[in-house]
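Taking it in order: structure first as structure tokens, then the write-up.
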Amino acid sequence: DILLTQSPAILSVSPGERVSFSCRASQSIGTSIHWYQQRTNGSPRLLIKYASEFISGIPSRFSGSGSGTDFSLSINSVESEDFADYYCQQSNSWPFTFGAGTKLELK
Amino acid sequence: QVQLQQSASELARPGASVKMSCKGSGYTFSSYTMHWVRQSPGQGLEWIGYINPSSGYTEYNQKFKDKTTLTADKSSSTVYMQLSSLTSEDSAVYYCARGGLRRFFDYWGQGTTLTVSS
């Protein structure tokens, strides 16, 4: 199974800051990585598909990059509604796997 | 609009089985795969498997293969997941999520909470 390692586990920031989340795959997966946001007591929501493709309805402050084994999700200027958990997911091979997540919290 | 409506929370005894449902609406049901994802208390997300409602084809994560059975009813646009031989470790929130050819999950259900307790 492909292991996805997300770092850091917790990120503490103030509104308006720019942040980046890292996701590293245990083997090369091209751009088959997708990012999700999960707010407290909510369902996951797709933010970015295939490493950098935007999703309709998602604010433009969210962006993704990377290929191979190293990927990142960035938020250009954090807003209060962005404090949540963020997960990466690979679809390169079965079984699909998720990273353990990064918690974005208010400093 | 696309919606995935999941069945209500379940309380089950150890050793029992449960069957939960996920009803799709607002799209052509048979044109998309349906995946199931588990989230244990305070934990991350685990992919369980998926079903192609059009063909009935299923693919399972080996970890869940002996515990899980996925089925689909095209006439009611509903997929089902049956979990057997329940233990306390099966207590979790279970989500259905719409997949497709491009293999990401663009819509999610609200989740079904399963509690296994005697």
Enter the Cα centre distance for the pair region A:1-67 and region B:22-57, rounded to the nearest angstrom.
21 Å
Work out which residues of region A:53-102 lose at minimum 50 square angstrom of accessible surface when the other protein chains are put back, relative to the chain isolated, with a 1.4 angstrom probe, and list them by number.
A:TRP94, A:PHE96, A:PHE98
Residue-level accessible surface for A:SER60, protein heavy atoms, 1.4 Å, Å²:
110 Å²
So between B:SER76 and B:SER17, what do we pick up on full extension, going 0.36 nm a residue minus the alpha carbon distance?
19.0 nm
Rounded to the nearest percent, how much of the accessible area of the protein assembly as shown (1.4 Å probe, protein heavy atoms only) is carbon and sulfur?
46 percent
When only Cα pairs under 8 Å and 6 or more residues apart are kept, what is the percent relative contact order across chain B?
36 percent
Accessible area drop of at least 50 Å² (1.4 Å probe, protein heavy atoms): which residues of region B:69-116 qualify, relative to the chain alone?
B:ARG102, B:ARG103, B:PHE104, B:PHE105, B:TRP108
Accessible area buried between chains B and A, both sides summed, probe 1.4 Å, in Å² to nearest 100
1700 Å²
Sorted by chain and then number, the residues having a modelled amide H within less than 5 Å of the amide H of A:GLU17, at least 5 places away or on another chain, are A:VAL78
Taking beta carbons within 10 Å but only from partner chains, what does the mean come to for residues A:42-50?
5
Can you list the residues, at least 5 places off or on another chain, whose amide H is less than 5 Å from the amide H of A:GLY68, using H built in the peptide plane?
A:ILE29, A:GLY30, A:THR31
May I ask you to find the residues of region B:38-56 that are shielded by at least 10 Å² of accessible area once the whole protein assembly is considered instead of their isolated chain (probe 1.4 Å)?
B:GLN39, B:GLY44, B:LEU45, B:TRP47, B:TYR50
For A:GLU79, the accessible surface traced by a 1.4 Å probe with all protein chains present amounts, in square angstrom to the nearest 10, to 90 Å²
Could you derive backbone 3J(HN,Hα) for region A:54-62 from the dihedral phi with the Karplus parameters 6.51, -1.76 and 1.60 (θ = phi - 60°), listing whole Hz in sequence and x where the residue is Gly or Pro?
6, 10, 4, x, 8, x, 5, 5, 8
Per residue, in Å², the accessible surface of chain A once ligands and nucleic acids are set aside, probe 1.4 Å:
44 Å²
Cβ-Cβ cut-off under 13 Å around A:ARG39, Lys and Arg +1, Asp and Glu -1: the net charge is -3
For region A:81-95, in residue order, the Karplus 3J(HN,Hα) values (coefficients 6.51, -1.76, 1.60; θ = phi - 60°; whole Hz; Gly and Pro = x) are 6, 8, 6, 5, 9, 10, 10, 9, 9, 9, 10, 5, 8, 7, x
Across chain B, how many lysine pairs, 8 or more apart or on two chains, come within less than 20 Å at their alpha-carbon atoms?
5
Heavy-atom accessible area per residue, region B:1-105, 1.4 Å probe: how many Å²?
48 Å²
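The values are calculated or read from the model by the stated rules, or taken from the named source; none is laboratory data. Computed from a predicted structure; not experimentally measured. Here Cβ is always computed from backbone atoms with ideal geometry, including for glycine, and neighbour counts include all displayed protein chains. Just the protein is used for accessible areas: all its heavy atoms, side chains included, with ligands, DNA and RNA removed. Shrake-Rupley method; radii C 1.70, N 1.55, O 1.52, S 1.80 Å.
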